[in-house]
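The values are calculated or read from the model by the stated rules, or taken from the named source; none is laboratory data. Since we're looking at a predicted model, the values are computed, not measured. So basically every Cβ, Gly included, is an ideal-geometry build from the backbone, and we count neighbours across all protein chains shown. Surface accessibility is based on the protein's heavy atoms, side chains included, excluding ligands, DNA and RNA. Shrake-Rupley method; radii C 1.70, N 1.55, O 1.52, S 1.80 Å.
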Amino acid sequence: MDTLIQEFPQIRNGFYTTVWLLLFSGLISTVIGTVLASFRVSPVASLRALGTGYVNTFRNTPLVLVLALAISVIPTLGFNNLGFSIGIRDFTTFFTVAMLGLSFYTAAFVCEAIRSGVNSVSAGQAEAARSVGMGFGQSLRLVVLPQAFRAVIPPLTSIYIALAKNTSVVAIFGVPEAAYVMRKLSNQFTSDLWAIFIGIALGYVVIVMVISAIGTLLERKLAVAA
Amino acid sequence: MTAAARESSTASSTGPLVVLDHVNKWFGDLHVLQDINMAINRGEVVVVIGPSGSGKSTLCRAINRLETINDGSIMLDGQPLPQEGKQLANLRAEVGMVFQSFNLFAHKTILENVTLGPIKVRKLSKKDADELAQRLLDRVGVAHQANKYPAQLSGGQQQRVAIARALAMEPKVMLFDEPTSALDPEMIKEVLDVMVDLAKGGMTMIVVTHEMGFARTAADRVVFMSDGQIVEENTPDEFFTNPRSDRAKDFLGKILKH
Ligand SMILES: Nc1ncnc2c1ncn2[C@@H]1O[C@H](COP(=O)(O)OP(=O)(O)OP(=O)(O)O)[C@@H](O)[C@H]1O
Ligand SMILES: [Mg+2]
């Protein structure tokens, strides 16, 4: 117990990093995933192929491999200073690269969730949109996607929860997020192992509960508009 | 296209508004439209009738290019239907479509259903679009429902909103694909009344329907389709009282028994 209290600043910083990873990756993967999903339902065959290829590649590759690849490949492409700061917080190049790796990986799952949402919107909606003269992009953006998002909130919530847990994988690349801190402390304070495990686990539980709560809230809010 | 340009293009072409010339379409091996030739004049109301599977919906959808055709040509106001992109979108804005299943935008209010096209496609200001929509909703008798969502309206009301939504684009021609066949009997009349009004107002209309009352009151011509072909064309009175082809006699015999 003492360790938890004594090392609280370190643990807190670890969770800050976890939450930042989650926020950035969540946002970026949602943007990429939505673009990929619009590729996959587009009338252009080459875009569809691109979307399918992306999803198959990233969904079938273990996250550790995606991260290892990102960490070894991205810097060789000339991006070797990807560190940045927001206010007083500094993010290292390792953080950015790991965060991008998580985003690319998660985007494949986001894409599939949104695509199934799009398919759940009846074809008549898109036809009606096209009948009033909307182009493919407009009908997707104004009519199909807003309805698809409603159907997609439960699966997206699960994806973000998985993402929250997946952030712990970047520990092995030295990004000092919560799981990294846990490993470090458990090596240091072997007598307090259980307290450390439980303390860190509780932190993840809180994060997951917040994501679920937001999902439930959004679902309710959008249901009212139906 | 600006309103002025639209007017001048309307004024410059005086031939039939819609012309189908040797149109053929296949779904795989199924020859759904077989050498269809048809011309619809400005202000004309054509009712398309025929057994299930005869290709009536496909015909409507081809005119709006929701379905492509394999062969032949379709002209709207002297222009061939564009293949894709912006021009195709413009064409669709000029052709109003009313579906059997209404297809109102489920996540938009009634008012927004009508204003979405004018704002996003015709680039009207929200204020102008709202005024236009209110006027049209009033015309179809659902003005007091403007802030509800489609699911809160009856089928008849939804279909009238769908008509208002199409009218808001100021189309040159309106296509109706069995607009009343998903409706409870007591709601059919309210929708047909709106359509009769439109017809009297000079709208060019192609209407797939089995409502003989509507055909007799509003149609200039009945086109009878069977197995992908136009089998017979006539005035409503002639067609219903004196069908010439055996297939039309057979078909009318069946629907008149109901
Ligand atoms: N997308 C499609 N793919 C394959 N076959 C189709 C498709 N759409 C329609 N068909 C077939 O084409 C034929 C004509 O269909 P269409 O919907 O035009 O008939 P319809 O006259 O409108 O019939 P109904 O009165 O039942 O609405 C039918 O045999 C139908 O099964
Ligand atoms: Mg049909």
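Observations
- Of A:LEU23, A:ALA171, A:ILE5, farthest towards positive along the dipole that unit charges on Lys, Arg, Asp, Glu beta carbons give chain A: A:LEU23
- Peptide B:114-121 is shielded by partner chain Cβ atoms: per residue, an average of 4 of them sit within 10 Å of its Cβ.
- Rounded tilt (10° steps) of B:185-200 against the dominant C-alpha axis of chain B: 80
- With a cut-off of 11 Å between beta carbons, the residues surrounding B:GLY43 carry a summed charge of +1, where Lys and Arg count +1 and Asp and Glu -1.
- Per residue Cα convex hull volume in Å³ - calculated over the protein assembly as shown: 198
- Note that segment B:88-104 has calculated 3J(HN,Hα) couplings of 5, 4, 4, 4, 5, 5, 8, 10, x, 10, 10, 9, 4, 9, 6, 6, 5 Hz, one per residue in order, obtained from phi through the Karplus relation 6.51 cos²θ - 1.76 cosθ + 1.60 (θ = phi - 60°); glycine and proline are x.
- Cross-link pairs B:LYS86/B:LYS126; B:LYS189/B:LYS249; A:LYS221/B:LYS148; B:LYS25/B:LYS56; A:LYS221/B:LYS108 - those with Cα-Cα distance over 18 Å: B:LYS86/B:LYS126; B:LYS189/B:LYS249
- Label-point gap, in nm, between B:THR68 and B:ALA39 - each point 7 angstrom along Cα→Cβ: 2.9
- For segment B:55-160, trypsin sites (Lys or Arg not before Pro) are listed when DSSP marks them as loop and at most 16 other Cβ atoms sit within 10 Å of their Cβ; the list is B:LYS123, B:LYS148.
- B:MET97 long-range amide H proximity, modeled H, under 5 Å: B:LEU175
- Cα-based shape type of segment B:57-103, given that a ≥ b ≥ c are square roots of the gyration tensor eigenvalues and the cut on a/c is 1.5: oblate
- Using the Karplus relation 6.51 cos²θ - 1.76 cosθ + 1.60 with θ = phi - 60°, the per-residue 3J(HN,Hα) values for segment A:165-181 come to 6, 5, 4, 5, 5, 5, 4, 5, 9, x, 7, x, 8, 4, 5, 5, 4 Hz, with x marking Gly and Pro.
- Across the options B:MET187, B:MET205, B:ALA215, the greatest Cα extent toward the positive end of the charge dipole of segment B:186-238 (unit charges at beta carbon of Lys, Arg, Asp, Glu) belongs to B:MET205.
- Estimated D of segment A:80-133 in µm² per second, where Rh is the Kirkwood radius over Cα pairs and Stokes-Einstein applies at 20 °C, 1.002 mPa s: 148
- Charging the Cβ of each Asp and Glu at -1 and of each Lys and Arg at +1, and nothing else, the dipole of segment B:86-160 about its Cα centre rounds to 200 debye.
- The residues neighbouring A:CYS111, those whose beta-carbon lies less than 15 Å from its own, together hold a net charge of +3 under the Lys/Arg +1, Asp/Glu -1 convention.
- Gyration tensor verdict on segment B:9-103 (Cα atoms; rounded if a/c is under 1.5, prolate if a/b is larger than b/c, oblate otherwise): rounded
- The share of accessible area on chain A that comes from carbon and sulfur is 69 percent, using a 1.4 angstrom probe.
- If you sort the three axes of the alpha carbon gyration tensor as a ≥ b ≥ c, you get a/c of 1.5 or more for segment A:2-225 and a/b above b/c, which makes it prolate.
- Helix B:110-120 and the long axis of chain B differ in direction by around 90°, with both axes built from C-alpha atoms.
- Sequence-separation-based contact order of chain B, relative, with Cα cut under 8 Å and 6+ spacing, percent: 24
- FRET efficiency, A:LEU23 to A:ARG141 (Cβ-Cβ, R0 22 Å, nearest 0.05): 0.35
- Taking amide hydrogens as placed 1.01 Å from N in the peptide plane, the amide H of B:MET205 sits under 5 Å from those of B:GLU44, B:VAL45, B:VAL46, B:MET174, each at least 5 positions away in sequence or on another chain.
- Helix-derived mean residue ellipticity, 222 nm - over chain A, DSSP H n ≥ 4, -39500 (n - 2.57), to 500: -25000 deg cm²/dmol
- Normalised per residue, the volume of the convex hull around the Cα set of chain B (Å³): 130
- For chain B, a simple Cβ point-charge model (Lys and Arg +1, Asp and Glu -1, everything else neutral) yields a dipole of about 740 debye relative to the Cα centre.
- Computed about the Cα centre, the dipole magnitude for segment A:2-225 is approximately 600 debye when only Lys and Arg (+1) and Asp and Glu (-1) carry charge, each at its Cβ.
- Taken residue by residue and averaged, Cβ atoms of other chains lying within 10 Å of the Cβ of B:94-103 number 3.
- In Hz, Karplus ³J(HN,Hα) per residue of segment A:21-35 (6.51, -1.76, 1.60; θ = phi - 60°; x = Gly, Pro): 4, 4, 5, 4, 5, x, 5, 5, 5, 5, 5, 4, x, 5, 4
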